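K.L.:
Just passing along the structure, written as structure tokens.
The values are calculated or read from the model by the stated rules, or taken from the named source; none is laboratory data. These numbers come from a predicted model, not from an experiment. Every residue, glycine among them, receives a Cβ derived from its backbone with ideal geometry; neighbour counts consider all protein chains shown. Accessible surface areas use protein heavy atoms only, side chains included; no ligands, DNA or RNA. Shrake-Rupley method; radii C 1.70, N 1.55, O 1.52, S 1.80 Å.
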Amino acid sequence: MIEFEQIGTIHSPYNDLEGMPIQPAGAVGVRGRVEVLPDYVDGLQDLDGFSHIILLYKFHRGSGFDLKVVPFLDSSPRGVFATRAPRRPNPIGMSVVRLERIDGAVIDVLDIDVLNGTPLMDIKPYVPHFNSQDEVRTGWLGEKDSNVAVHRSDSRFR
Ligand SMILES: C[S@@+](CC[C@H](N)C(=O)[O-])C[C@H]1O[C@@H](n2cnc3c(N)ncnc32)[C@H](O)[C@@H]1O
């Protein structure tokens, strides 16, 4: 058993899973607000120097999981760990979003692909030379990853 504390809440314009973006690339310019709980606000010092941050959160809406899922961007079943499906053994999501400003406990972000009221677990600075790779394979996604900007969420993962 592993336990995590909620450190805040992510607010977004999306109150319904149906029709929402499936990645930040499909939510360009969409504003979100991250409210950090008072106990954790001191940990935001120096974060404002970063243009992008990684949000780690719990997919709190939805329950259970399947080890084989048909992803939003495909019509064939795939192993859940080869997808970003929200229903997973540990329902943890991660989004790289643009940081607009920090004001006390509130972080304004852009490109949010998360449901309104989502519990926040962690924040990390996005650092390209830690995370981005030059030579990559994208498995079953192949060319489909470019569709991420236009595809929308449907009832598949409720
Ligand atoms: C495919 S996941 C990708 C999320 C994240 N960028 C990632 O890669 O982990 C995005 C979808 O998860 C679902 N979702 C978003 N927030 C959720 C929440 N709080 N609880 C359950 N499902 C959520 C929506 O259907 C949304 O379109």
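K.L.:
Being hydrophobic (A, V, I, L, M, F, W, C) and over 26 Å from Leu44 (Cβ atoms) is the filter here, so list the residues in region 54-101 that pass it. Before you say what the answer is, go through the steps one by one.
P.N.:
From region 54-101, those hydrophobic (A, V, I, L, M, F, W, C) are 54-56, 59, 65, 67, 69-70, 72-73, 80-82, 85, 92, 94, 96-97, 99; that's our starting set.
Residues satisfying the conditions are Phe65, Leu67, Val69, Val70, Phe72, Leu73, Val80, Phe81, Ala82, Ala85.
K.L.:
Filter region 50-65 for residues that are free of Cβ contacts under 8 Å to residues at least 40 places away in the same chain and in contact with a strand residue (DSSP E or B) (Cβ under 8 Å, 6 or more places away or on another chain) and give the result. Even if it seems obvious, please write down each step before you answer.
P.N.:
Taking region 50-65 and keeping what is free of Cβ contacts under 8 Å to residues at least 40 places away in the same chain, we get 63-65.
Those that are free of Cβ contacts under 8 Å to residues at least 40 places away in the same chain and in contact with a strand residue (DSSP E or B) (Cβ under 8 Å, 6 or more places away or on another chain): none in region 50-65.
K.L.:
Another question about this same structure. Kindly indicate whether any position in region 141-150 is open to solvent by less than 40 Å² (accessible area, probe 1.4 Å), touching a residue at least 60 places away in the same chain (Cβ under 8 Å) and either within 13 Å of the ligand (Cβ to nearest atom) or farther than 14 Å from Pro24 by Cβ (or both).
P.N.:
Here is the first cut: in region 141-150, the residues open to solvent by less than 40 Å² (accessible area, probe 1.4 Å) are 142, 148.
Imposing the further condition that a residue be touching a residue at least 60 places away in the same chain (Cβ under 8 Å) reduces the set to 148.
Those still in the list that are either within 13 Å of the ligand (Cβ to nearest atom) or farther than 14 Å from Pro24 by Cβ (or both) too: 148.
Yes, there is a match, as at least one residue in region 141-150 is open to solvent by less than 40 Å² (accessible area, probe 1.4 Å), touching a residue at least 60 places away in the same chain (Cβ under 8 Å) and either within 13 Å of the ligand (Cβ to nearest atom) or farther than 14 Å from Pro24 by Cβ (or both).
K.L.:
How about region 36-76: which of its residues are more than 24 Å from Arg87 (Cα to Cα) and not hydrophobic (A, V, I, L, M, F, W, C)? First the steps, then the outcome.
P.N.:
Taking region 36-76 first, the residues more than 24 Å from Arg87 (Cα to Cα) are 36-52.
Listed by number, the residues that qualify are Pro38, Asp39, Tyr40, Asp42, Gly43, Gln45, Asp46, Asp48, Gly49, Ser51, His52.
K.L.:
Using the structure shown, decide if Ser75 is out of contact with any Leu (no Cβ under 6 Å at 6 or more places or on another chain) and without any contact (Cβ under 8 Å) to a residue 24 or more places away in the chain. First the steps, then the outcome.
P.N.:
Working: out of contact with any Leu (no Cβ under 6 Å at 6 or more places or on another chain): yes; without any contact (Cβ under 8 Å) to a residue 24 or more places away in the chain: yes.
Criteria met by Ser75.
K.L.:
I've got another one for you. Kindly indicate whether any position in region 85-96 is open to solvent by 50 Å² or more (accessible area, probe 1.4 Å), assigned to a helix (DSSP H, G or I), in contact (Cβ under 8 Å) with a residue 24 or more places away in the chain and near the ligand (Cβ under 10 Å from one of its atoms).
P.N.:
no
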